[in-house]
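The values are calculated or read from the model by the stated rules, or taken from the named source; none is laboratory data. Predicted, not measured: the structure shown is a model, and the values here were computed from it. Using ideal geometry, Cβ is built from the backbone for each residue, glycine included, and neighbour counts are taken over all protein chains shown.
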Ligand code: BG6
């Protein structure tokens, strides 16, 4: 499918100077422009409370593009910035939204322009923005409309249900796009398509052959000035609730033809994830927080973080799937900030050979999605000599995107403009994830639940290794 956009659109960003916007969204939109994927007529509109005019907003967008792209062609950036506008307004003011709608009409000059409202705002103003999008006429029933919301949607199943109700009281289901940017990553989509296109791989992925699965998303970065968001979120909600569970879903979902049932299948895979009811919470989850390291401050020394904060920046957990081919296989998930390196990886450990293999280790398949992206199949081969001894044989190939590769937010935005929901979350997927994780979150919130400290820049808390050892395993 050609994902160039021919119809005009307006991309309205609420929270225009936030971390996500400057880190990901503006550079992604600029890449789309460079790759000639945008129509002639489009507008990028920042809306926020901060006093700014078009010029200062354009400077902010320019700087964010420069930071991401390194060198830029100034003439091309200038051209792009002509489509960029800023409206200063209050989130609670219907009048200010009317002003926004009027400005959109002028810039669009097209009654059929698609309007995308991207909400990157604190939960406190969420309701007001939804209400005013309609009251102010941005959502006017004439322009095709999309409301895009980033994960995590809510902070538990209860708050999620409230947000869902709120959203559905303003917009139709098909106007709502719940975005997990991992689902825009080619590498993450490839978890599913590697299975889809390689029947031998799919046949290997079966509980009769597998010992366990490890899913790791480690980051070298810290919270990058996002204390306001991270303090009440933590790694469990920030990374596990959506990104890592979605990766598990793509690995375990049933293969099917493209289309709406694709999302249903992904949803079913999420619903099939479970925590054994007889396990103690401490056997299922462990949390940590980075302390001062050699060259980085500890979490509680970060600006805006409480000195006594118990927010987790590292989580390791175990879950299972009821999907027939995965029944009984433990999935170990792990994610943390300020670890040694950036890497997102799925490792599948197969069973030991039935016959003795001195020096041998179990076969393993690594799918490395970020970091040194690649696929590695760990086999064994015989060493010379009359008695069989073995050494590892690793078959490896880089797994990099080739062809039409777009930044994740760019790809998802094009798909949203086209009205394609396939890689956006369904409400029921998000619900399933919260329902699975609520009891563990409650456990983590308990004052007596340990929070293991680890030095910034290390491999995480040593207790996470001991926790894994209790199951007779080690992290890869
Ligand atoms: C975001 C989280 O969703 O994903 C961040 O809020 C995290 O805390 C980021 O750093 C990681 O994304 P990526 O694309 O860098 O792997």
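Numbers at a glance
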| item | result |
| --- | --- |
| Odd one out for residue 112, checked against (1) within 25 Å of the chain's Cα centre (by Cα); (2) at pLDDT below 95; (3) under 30 Å from residue 404 (Cβ atoms) | (1) |
| Number of positions in the stretch 323-349 that are surrounded by fewer than 20 Cβ atoms within 10 Å (Cβ to Cβ) and in contact with a strand residue (DSSP E or B) (Cβ under 6 Å, 6 or more places away or on another chain) | 3 |
| Inter-residue pairs, beta-carbon under 6 Å, first farther than 15 Å from residue 418 by Cβ and in the stretch 169-189, second away from the ligand (no atom under 13 Å from the Cβ) and assigned to a helix (DSSP H, G or I), 6+ apart | 170/130; 170/134; 176/167 |
| Matching option when the condition is within 16 Å of the ligand (Cβ to nearest atom), within 27 Å of residue 371 (Cβ to Cβ) and under 26 Å from the mean Cα position of the chain (by Cα), among 152, 122 | 152 |
| Residue ID - farthest from the ligand (Cβ to nearest atom), chosen from residues in the stretch 131-147 that are surrounded by 22 or more Cβ atoms within 10 Å (Cβ to Cβ) and outside any loop (DSSP other than H, G, I, E, B) | 132 |
| In the stretch 29-43, the residues that are crowded, with 21+ Cβ neighbours inside 10 Å and in contact with a helix residue (DSSP H, G or I) (Cβ under 6 Å, 6 or more places away or on another chain) | 30, 32, 38 |
| Residue under evaluation residue 58, criteria (1) assigned to a loop (DSSP other than H, G, I, E, B); (2) touching a strand residue (DSSP E or B) at 6+ places or on another chain (Cβ under 7 Å), criterion not met | (1) |
| Selection from the stretch 237-259 of residues that are within 9 Å of the chain's Cα centre (by Cα) and more than 16 Å from the ligand (Cβ to nearest atom) | none |
| Condition met for residue 414 (in contact (Cβ under 8 Å) with a residue 24 or more places away in the chain, in contact with a strand residue (DSSP E or B) (Cβ under 7 Å, 6 or more places away or on another chain) and not in a loop (DSSP other than H, G, I, E, B)) | no |
| Yes/no for residue 87 being at pLDDT 95 or above, surrounded by 15 or more Cβ atoms within 10 Å (Cβ to Cβ) and assigned to a strand (DSSP E or B) | yes |
| Residue match in the stretch 408-431 (condition: more than 16 Å from the chain's Cα centre (by Cα) and closer than 30 Å to residue 456 by Cα) | no |
| Matching residues in the stretch 207-264 - criterion: being in contact with a helix residue (DSSP H, G or I) (Cβ under 6 Å, 6 or more places away or on another chain) and more than 27 Å from residue 328 (Cα to Cα) | 223, 226 |
| Test: residue in the stretch 96-107 that is in a loop (DSSP other than H, G, I, E, B), away from the ligand (no atom under 16 Å from the Cβ) and either out of contact with any helix residue (DSSP H, G or I) (no Cβ under 7 Å at 6 or more places or on another chain) or free of Cβ contacts under 8 Å to residues at least 12 places away in the same chain (or both) | no |
| Exclusive hit being modelled with pLDDT under 95, under 21 Å from residue 129 (Cβ atoms) and buried (at least 16 other Cβ atoms within 10 Å of the Cβ), set 13, 20, 104 | 20 |
| Any hit, the stretch 191-198, residues being in contact with a strand residue (DSSP E or B) (Cβ under 8 Å, 6 or more places away or on another chain), under 30 Å from residue 289 (Cα atoms) and touching a residue at least 60 places away in the same chain (Cβ under 8 Å) | yes |
| Those helices (runs of 4 or more DSSP H) lying entirely in the stretch 216-293 with at least 2 residues modelled with pLDDT under 95 and farther than 20 Å from residue 18 by Cβ | 260-271 |
| Count - residues of the stretch 183-215 that are away from the ligand (no atom under 16 Å from the Cβ) and part of a helix (DSSP H, G or I) | 12 |
| Candidates 250, 194, 209, filtered to the one that is within 18 Å of residue 322 (Cβ to Cβ) and surrounded by 14 or more Cβ atoms within 10 Å (Cβ to Cβ) | 250 |
| Selected residue (criterion: nearest to residue 25 (Cα to Cα)) from residues of the stretch 397-416 that are modelled with pLDDT of 95 or more and away from the ligand (no atom under 16 Å from the Cβ) | 414 |
